Every structure is written in C-alpha cells, then in structure tokens.
1. Say we join alpha carbon atoms closer than 10 Å with springs in a Gaussian network model of chain B; which of B:Ala56, B:Ala129, B:Ala83 then has the biggest fluctuation?
2. With a cap of 14 neighbouring Cβ atoms within 10 Å, and only residues DSSP puts in a loop, list the trypsin sites (Lys or Arg not before Pro) found in region A:95-200.
3. How tilted is helix A:367-376 with respect to the longest principal axis of chain A? Cα atoms for both, answer in degrees (0 to 90, nearest 10).
4. In peptide A:10-19, how many Cβ atoms from other protein chains are near each Cβ within 10 Å, on average?
5. Using the charge dipole of chain B (Lys, Arg: +1 at Cβ; Asp, Glu: -1 at Cβ; taken about the Cα centre), state which of B:Val150, B:Gly339, B:Cys353 has its Cα farthest towards the positive end.
6. Would you mind checking A:Lys122/A:Lys276; B:Lys125/B:Lys350; B:Lys31/B:Lys125; B:Lys27/B:Lys164 for any pair whose Cα atoms are more than 20 angstrom apart?
7. R0 = 35 Å: FRET efficiency of B:Asp274 with B:Lys78, Cβ-based, nearest 0.05?
8. Scan around A:Leu92 for amide H atoms under 5 Å from its own, H built in the peptide plane at 1.01 Å from N, and keep only partners 5 or more places away or cross-chain.
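The numbers here are math on the coordinates, done by the rules we state, and not lab data. This structure is a prediction, so every number in the text was calculated from the model and none was measured. Every residue, glycine as well, gets a Cβ built from its backbone with ideal geometry; the counts of neighbours run over all protein chains shown.
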Protein chains: 2
Amino acid sequence: MLNFNYYNPTRILFGKGEHTRIGSHLKNVSKVLIVYGGGSALKNGTLSRVQSSLEAEGIEYFTIGGVRPNPTLEFAEKVKNIAVDSGLDCLLAVGGGSVIDTCKVAAAWAKYDGDAWDFFTKGLKIEKALPIATVLTLPAAGSEQSMRVVINHNDLKLGTASEKIRPMISVVDPELFFTLPKNQIAAGVVDMISHIFERYFTNTEHTDFISSQAEAAIRTAMIYGPKLMENPKDYDAWCQVAMVGSWAHNGYYGLGQVEDWACHAMEHELSAYDPKITHGAGLAVITPAWLRFVSNVNPSRMQRFASEIMGKETIEEGINALCDFYKAMGMPSRLSEFGLTKEALEVCAKSACERTGMIGQFKKLTSEEVLSIYQSVH
Amino acid sequence: MLNFNYYNPTRILFGKGEHTRIGSHLKNVSKVLIVYGGGSALKNGTLSRVQSSLEAEGIEYFTIGGVRPNPTLEFAEKVKNIAVDSGLDCLLAVGGGSVIDTCKVAAAWAKYDGDAWDFFTKGLKIEKALPIATVLTLPAAGSEQSMRVVINHNDLKLGTASEKIRPMISVVDPELFFTLPKNQIAAGVVDMISHIFERYFTNTEHTDFISSQAEAAIRTAMIYGPKLMENPKDYDAWCQVAMVGSWAHNGYYGLGQVEDWACHAMEHELSAYDPKITHGAGLAVITPAWLRFVSNVNPSRMQRFASEIMGKETIEEGINALCDFYKAMGMPSRLSEFGLTKEALEVCAKSACERTGMIGQFKKLTSEEVLSIYQSVH
C-alpha cells in the first residue's frame with residue numbers, strides 16, 4: 001500500500017426532506033448564487049423549496065439556470081462573473097455533476113485573475129475557491145463529495161482536482177431522484193460503479209481493506225440499481241444507490257493505491273466529440289472492451305474482480321456478467337449505437353493521448369491501443 | 001434508513017515515515033503541547049522524531065507525559081491548565097486512545113469556564129475546543145478520527161461526543177506499531193471490531209450499503225489480526241488493520257442507523273471498577289455473552305452476522321466462531337480471569353444502568369439483564 005494524505009471535509013446531509021433545510025446549515029453565508037440546469041429543478045419545485053429555506057435564514061440569493069450536460073467553460077465564466085460582480089460568498093449548485101462542476105470551476109475562477117482553463121491545461125494548482133454547497137438532483141458523478149472537476153472547452157473535455165473545491169456541504173435527498181428518467185438512472189449507476197472500478201483496477205499490492213470495501217460497494221450498486229429500473233420511487237433502494245454514488249468518488253476507494261482512469265479518459269473523448277453521448281452510457285460500452293484488452297495485465301486482480309464482484313469463476317465469465325448487467329440496465333453495447341463513425345474513433349483515439357502521451361495506470365495505453373479498444377466495440 | 005448529518009474533517013496522513021513530517025502539516029500553529037503516555041514513545045524515539053519535525057517548522061512546543069490507560073479527568077485538567085496558562089494553539093497527542101481522549105477533554109475544557117465533567121454528566125454540549133493533532137502509536141480506540149471521548153472520574157467511566165473534538169489531523173504510521181506487545185495488538189483488534197459491531201447490530205432497516213461495508217471491514221480485521229499475532233512487524237498486515245481501526249470509529253459504519261453500544265457500556269463498567277482490565281480484553285468476554293443474550297431479538301440481522309461475517313450457517317455457529325477467533329487472538333473468555341468476584345459484577349451491573357435506566361438500542365437492557373450477561377461468562 002502507498003502512503004496517503006486524505007482530507008474530506010464535505011458535510012453530507014442525507015435523507016428525505018433535507019433539501020428543505022439547507023439554509024439552516026449555511027452558517028456565515030449571507031449572499032448566494034443558486035446555479036441550476038435545464039429547468040427540471042424549477043418545474044418540480046426543488047428550486048423554490050431551496051429558496052424558501054434560504055429566505056427563512058435571511059440569506060440573500062441570485063439564481064442562474066441553463067447549465068447543460070457536458071458543461072462548458074463559457075458558462076462557468078458567466079457564473080464566475082456574477083459571483084465576482086455581486087460579491088457572493090457561496091455558490092449553491094442545485095443539480096447533478098454538470099451543475100456542480102460548473103460551480104467548481106466558477107468558484108476557483110472567482111479567486112484567480114487569469115483564465116480558469118489554465119487549471120486544466122497548464123498544471124496550475126487551484127489554491128483558493130469560493131465555498132460551494134450542493135443540493136444533488138442526479139446521483140451519478142459523485143461531484144457532491146469529490147475534489148475533482150471536469151469541464152468542456154474547445155472540443156476538449158479535461159479534468160483537474162483540488163482539495164479547495166470539495167463542496168463544504170452537500171444535500172443528498174433521495175426523494176429528489178424519484179422523477180429521473182430510467183436512462184439517466186442507469187447511466188448514473190454505471191458511472192458510479194466506474195468511479196470505483198477506476199480505483200479498484202490497480203497494480204498496487206496489499207490493498208485488501210480498500211479492495212474489499214470497493215467490492216462490497218459495487219455489489220450493492222448491482223443489487224439496487226436494477227430495483228430502481230423497476231421502481232424509480234423505491235426510497236430504500238435509492239438510499240443504497242445514492243450512498244454508493246457519493247462515496248464512489250470521494251477518494252475513499254482509492255486510498256493508498258495507484259488509480260487507473262483510462263476508461264473515463266476514453267469516454268470523455270467520445271462525449272467531447274459528441275456532447276449528446278451520455279457519460280454513463282459511453283462507459284457501459286468502453287468498460288468491458290477495456291477489461292478484455294487488459295485481462296492479462298494482472299491476472300490475480302482480474303480474477304478477484306470476477307469472483308468477488310461478479311461471482312464468477314473465470315475472468316471471461318466475469319466480464320460477460322458485467323456486460324449482462326449493463327444490458328439489463330438498458331445500456332448500449334456498441335459505439336455505433338451512438339452514431340460514431342470509424343473516422344470519429346480515430347479522432348478520439350488521437351485526442352485521448354495527445355496531451356499526456358499515454359493514458360491509464362493499470363496498463364498505460366497508447367493512442368493505437370485506445371483505437372483498438374474503441375474498434376473492438378464499434 | 002435514517003437521515004444523517006455527517007462531517008468528518010480529520011486529515012489522515014497514513015503510512016511509513018509520516019510521523020516525521022507532522023510539523024509540515026501543522027499550518028497556522030505556533031505553540032503546541034505534546035501529550036504522551038507511559039514512556040514508550042519517549043524510549044523508542046517516536047517523541048524525539050516528532051519534536052524534530054516541529055523544530056524544523058519553527059513550532060514552539062512543551063511536553064507532558066504520564067497519561068495512563070483508562071485516563072482520568074484529573075490528568076486532563078493538568079493538560080488543560082498548561083494549555084490555558086501558556087496560550088497554546090494546539091494539543092498534539094502522541095499515543096493511543098487514552099492520550100488522545102485526554103487531549104480531547106483538555107481541548108474542550110480550555111474553552112469552557114466550568115468543570116469539564118459537566119460535558120459527561122449534565123448533557124452539556126461541547127461547543128468549542130482547541131485544535132487537536134495526533135500521532136497514533138496504538139491502533140484500537142479509533143479516537144484519532146472520531147468525535148467521541150471517554151474519561152474516568154469518581155469510579156465512573158463516561159463518554160460524550162462532539163464534532164468540535166474531532167482531531168484536525170492524525171498520523172497513522174504503521175511502523176510505529178511494530179513494537180507493540182501481542183496482548184495489546186489483540187485487544188486493539190477486538191476493540192476495533194467491536195466499534196463496528198456496536199453499529200452493525202441495529203434494528204434500522206434498509207442499511208444494506210453500510211452493512212456490507214461493515215461486514216467487509218470486520219472480515220478484513222479477522223484475516224489480518226491473526227497475521228499480526230504471528231508477526232507484529234508485518235507492515236502490509238498493519239496497513240489493513242490500522243485502516244479498519246481508524247474507519248471503525250469515525251462514524252462511517254453507523255451512517256443512517258440506530259447504534260447499540262451496550263457492550264461498550266458493560267465493559268466500561270468493568271474497566272472503571274478495575275482499571276487493570278484492558279478494554280479490548282473485556283469486550284472479548286462480553287461480546288459473545290451479549291450476542292447469546294440478544295440472539296432472538298432480530299433473527300435476520302443475527303443470521304446475517306453469522307453468514308456474512310463469520311461464514312457460518314447458524315447463529316449459534318457464528319457466535320462460536322467469534323469465540324474461537326477471540327481465543328486464537330489470546331483473549332480471555334471468562335470474567336473470573338480478571339479476578340472479578342460475583343459481588344463486583346453486581347456493583348458493575350447496577351452502575352451500568354444507574355444514569356440512564358437502561359443501556360443499548362438493539363435490545364434495551366435493564367441492570368438485571370446486564371447482570372445475567374455478566375454472570376453467563378463469569
């Protein structure tokens with residue numbers, strides 16, 4: 001196991017009704033910008049309940065809606081400008097990963113004189129940020145408790161990480177998820193499982209505690225994800241899935257080990273190429289292809305995946321069972337289903353490795369290998 | 001599942017050599033009191049390495065040694081007086097749970113004008129405390145990451161909890177555990193497992209995510225604890241056990257559910273009655289007796305314990321397997337082995353329920369029931 005330095009000060013308010021009490025937890029906050037997405041938070045009343053909660057505490061607020069999936073640096077700049085011009089002391093994201101990540105970029109940008117794109121392209125560290133609070137409306141990205149952020153700009157989808165952008169407080173209220181469409185539920189479950197896979201597939205040895213925690217979490221998601229596909233209003237199932245999602249990306253399942261992240265990098269290229277591709281759906285296609293490609297890299301780890309997570313005897317059976325799970329969740333199994341052409345895959349494979357030469361850690365992949373993986377599931 | 005509000009801002013520095021770098025992580029700290037125990041930290045050089053690390057950062061420090069197992073309010077008062085008189089801005093515990101808990105009491109007391117015993121007997125909330133840092137030398141109590149504290153006074157051993165006394169930073173450096181005597185290793189492993197049991201045995205339903213995390217953690221401790229009994233210098237085994245110990249008591253395994261704590265309460269009476277009784281050794285005797293006493297309360301939870309944790313078919317087999325595990329760790333199985341008389345047990349049973357009427361939540365126990373449990377393993 002490797003040494004680690006872990007710091008996760010996000011306060012989690014979990015359970016039904018918690019979003020109506022967010023105001024009472026925003027101590028020392030007087031002026032907030034509420035950021036939201038495409039309007040469902042507005043239509044279904046979540047936004048107005050959050051606003052009432054702020055009003056009850058005498059907290060002044062502004063609102064801005066319109067963050068889209070695969071959010072852009074341009075929108076984050078808008079948010080940053082309002083934050084700076086109005087002297088705000090907190091950004092409150094009401095939404096999923098796209099809204100939260102927009103706030104993370106804006107929060108860091110508000111404390112930085114240059115262009116926030118520097119954080120993603122020049123290795124510049126985020127040293128300061130406005131406090132961020134979140135009311136989660138889509139459990140998937142795990143951004144509500146993570147130090148990571150991903151943003152789109154100039155046909156690139158890039159990420160970075162900093163302790164300074166972990167939300168100070170996040171509401172995870174499963175009743176807010178009851179109205180999610182099934183394809184979003186499924187993509188969310190795939191994404192959270194992937195966040196654990198990206199950490200679980202490691203060549204670091206002696207990680208048994210964290211590995212067995214990770215296995216238990218993935219098994220939980222695989223039991224309760226399908227229950228949500230049957231009944232999206234199953235509160236008890238949502239509790240389990242939402243907790244997996246929130247812990248999946250807070251760093252816990254990667255403590256003391258090298259993480260991989262090749263599948264996320266490969267998928268981000270696809271979503272950057274065509275923003276209509278849902279991240280989780282892309283991951284459902286990419287992950288089994290990647291697993292097949294790396295299946296000889298570390299046989300004991302692959303075998304452990306097969307037996308402890310999938311309950312199968314062989315690696316091949318384990319990967320097939322994972323495909324069956326994705327299929328049962330209504331996920332695609334071929335990149336052509338997204339309308340991606342062979343030429344598009346070449347562009348994405350080249351772009352994937354353009355900045356860093358190779359991607360991944362479990363096995364470092366060249367752009368030729370990335371292309372092979374894409375092509376194997378075209 | 002129940003709603004919860006979880007906040008755990010303790011920074012964990014984990015791994016070999018980390019204790020030599022503690023100074024560099026104590027930002028904004030200029031004057032520290034190092035608190036330690038019986039002298040092993042002094043003799044084996046841990047203390048001087050910690051001091052060097054502070055000196056390298058220009059941090060001024062004082063030291064006070066002499067905290068004993070089952071630490072007292074009186075000693076905490078000494079620490080508090082030095083902290084207040086010298087205008088310290090941080091307490092640095094170098095030790096196990098006793099040293100850390102002494103610092104927690106002193107840290108809260110330094111910000112309170114009355115008697116700190118009020119926090120334990122009058123339900124007074126700890127609203128403020130000096131920052132606490134820790135360098136763990138004995139993984140067992142989990143106090144390095146917990147909001148709980150236990151202290152002895154007037155033949156009572158009482159506890160309380162507050163977010164304000166979670167350490168701001170804790171070093172968990174497994175190489176510091178290599179010189180621990182085997183009986184302390186064993187008692188530590190029993191204690192950390194108990195911290196998870198106290199949460200795992202709940203009547204709250206729909207806790208599958210946390211329950212399966214808890215099961216995986218206990219299984220890890222049961223695999224790696226015995227390896228340490230064979231070789232106390234097994235770094236890789238210590239990594240697993242130390243992580244179980246630190247996460248066991250930080251609140252994670254109790255999220256969203258009612259916790260029990262009857263075994264801890266029953267054992268605290270014994271250790272308060274005779275401070276020579278090691279907490280973990282007491283728990284190894286009490287826990288199976290309690291399990292037998294409550295085995296009909298919630299058969300599905302008990303069955304889950306037997307199959308998922310102990311790998312056995314029946315509840316009885318599960319409890320027997322737990323006894324075998326404790327025995328293999330060299331733990332006692334009878335209270336008479338501590339020299340406790342029947343009369344002593346009567347005193348302890350009465351005292352256990354004196355303040356609250358009943359103890360425990362999985363099944364609320366009267367003092368007569370506590371006595372039956374004690375007597376069943378006398």
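1. Judging by the Gaussian network model, the answer is B:Ala56.
2. A:Lys122, A:Lys125, A:Lys128
3. Between helix and principal axis, roughly 80 degrees.
4. That average works out to 4.
5. So the residue furthest toward the plus end is B:Val150.
6. Correct reply: A:Lys122/A:Lys276; B:Lys125/B:Lys350; B:Lys31/B:Lys125.
7. Computed FRET efficiency for B:Asp274 and B:Lys78: 0.90.
8. Residues meeting the criterion, in which the H sits 1.01 Å from N, are A:Leu33, A:Ile34, A:Val35, A:Ala133.
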